[in-house]
Each structure stands twice: as structure tokens, then as C-alpha cells.
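What follows is a short report on a single structure.
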Amino acid sequence: MAAEARPRTVLDLVAMKAAGRKITMLTCYDALFARLLAAADIDLLLVGDSLHQVLGGHETTLGATLDQMVYHAASVRRGAPDRLVFVDLPFLTYQVSIEEAIRNAGRVLAGSGAHGVKLEGGAAMAPTVRALVERGIPVLGHLGLTPQSVHALGGYRVQGRDELTANRLMADAQYLEDAGACGVVLELVPAPLAARISGTLTVPTIGIGAGAGCDGQVLVLHDMLGLNPDFSPRFLRRYADLASTVREAADRFAADVRSGRYPGPEHSFE
Ligand code: KIV
């Protein structure tokens, strides 16, 4: 999308959907990648709590902390000052009470300069979403496979396959929109259901493993760059093979050092 058509505020997201312009979002956790993505044609950056898995090497997102999210979000904002940045509220920073959710979401925005937060859950979270939005905090919802509930869901699996859970997902999405969410991430949802949800909402859906009928798509940056060869879910398309690039560069460096080819005179000081 041309720079002048890129979303500048969260209000532009609904306009993009109305205009039929697909929304692109990638996760980003640091200033370096943010600078690279700011030079690319990406609409939104998401400081996902997936950083706990991708950077921290943990099994789940559950241990990510608010301080970590603020630190990484502030880094991303510094690297990409002209992009909209959303930040995941970590597990148990918004579920305990609405008061805590407001305080913690406020800390994320004030401490990082990000534009909005993302939180997981449907009807049960609608009053929290409404309270945040009424206090000026933009909220992206997240439905389907909600990673903070991975244990309750029995693993990372597609959600909404039967009529009951599909209807619940449809209703949850509407609850989030009615509560003021500016968009809804749909993760691991059958494509026809995600398309139906997208067709009924005014705010955009942003899919990951939810098919082409969503109003936008999000991927984890490190996965789409091919930095994690062990992670190959069906929905992932790799746009680079950086794992091989990194391995080959490290091997060449080691070989050069061992053979005396590095450092050369041009890398040394008199
Ligand atoms: O934490 C994350 O990276 C996410 C995306 C997968 C949507 O929530």
C-alpha cells in the first residue's frame, strides 16, 4: 500500500476494511527489525507475547511480563516511529479485574508510546474492552486459538470446527465489536467461519491460520523469515530462509578465524 494510504490512526483500520484494502501486520519485538519493517510496506506492527516463545525459548506465552512488553514495545516504537504499534497484554494482566486491566494497558501505552493493546477472549472480556476503549485505549481482540488459554484448549489446535463453537465464535466477535474493539485477530479458525465473521463485522478481522476471507493477515516475523526451521504449521508461508543464511555466515566466520583469513590487515589498527 502506498505510504499516503497507510493507516495513521486506529480509526483508519475500519476505513481500510470499508475500502476493501487488505491489512498487513507482522510481529516485531525490537528496534532493529522495526527499522527494517518501517522501510517495507507493512501496515501494523504487533509486539506479541509470542516473544516469550520466539525470543525466550519458552513453550507458551504465559510467562511474558508487562515490563518485558513495555521494554520491547518502546524499542519497536523507536525503530518504526511512523507505524501503528499494538502490544499484547500478557496473561493475568487484564483478566483479574477491569481496574487492573485499565492500569496495565495504560502502563503499556504510556511506557512505550504504542497505539493500542491486544487481548484474548470474547464475551467474558467485552466489559473490559469497553472500559479500556471508554478510557481512550484502543483494543484489538483475539479469538479462536487464544494462546494464553492453550492448556484449557488442549493444545494449539483449530477452533470453531463444530456448530456450537462456531456460533460461539461468531457471537464473541460481535461482542468485541459492540464493546468498541477496533479489530479482531482470528487465529486457527476454519476459513469459511472466519470469512463469515469477517462478513458480519464492521471492524476488520486479521487472520493467522484463518484463510483468505479475513480483512488482513498477520504472521510471526521470525517464522515468515524462516528463522525457525522446526516450526512448520500448515498456515505458514516462509518468505526467506534466514536460518540457512545465519548458519552459513557463522560457519564462514569460524572457518576464516581458524584459517587466519579473518581478520585481515584492513580490519586491524596500526
Ligand atoms: O503473540 C503473537 O504473536 C500473536 C500473533 C500470533 C497474532 O498474538
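Here are a few things to note about the model shown:
- Charge dipole (region 10-224, unit charges on Cβ, about Cα centre) - positive-most of V139, H52, A39: A39
- Measuring nothing but alpha carbons in region 183-240 and taking Rh as the Kirkwood radius, the Rg to Rh ratio lands at 1.03.
- Percent antiparallel among DSSP beta bridges (both partners in the chain, rounded to 5): 0
- Shape category assigned to region 10-224 from the gyration tensor of Cα positions, a/c cut at 1.5: rounded
- Less than 5 angstrom separates the built amide H of T205 from those of V184, D215, G216, all sequence-distant by 5 or more or on a different chain.
- Amide H contacts of G116 (H built 1.01 Å from N, in plane; Pro and chain starts excluded): V85, V87 sit under 5 Å, all sequence-distant by 5 or more or on other chains.
- Taking the Cα centre of region 10-224 as reference, the dipole from Cβ charges on Lys and Arg (+1) and Asp and Glu (-1) amounts to some 280 debye.
- Using θ = phi - 60° in the Karplus curve 6.51 cos²θ - 1.76 cosθ + 1.60, the 3J(HN,Hα) couplings for region 202-213 round to 8, 7, x, 9, 10, x, 9, x, 10, x, 7, x Hz; x is entered for Gly and Pro.
- Counted charge near V184, where neighbours are those whose Cβ lies closer than 12 Å (Asp, Glu -1; Lys, Arg +1): -4
Bear in mind these aren't lab numbers, they're just calculated from the coordinates by the rules spelled out. If you're wondering where the values come from, they're calculated on a predicted model, not measured in any experiment. For neighbour counting, all protein chains shown are included, and Cβ atoms are generated from backbone atoms with ideal geometry for every residue, glycine included.
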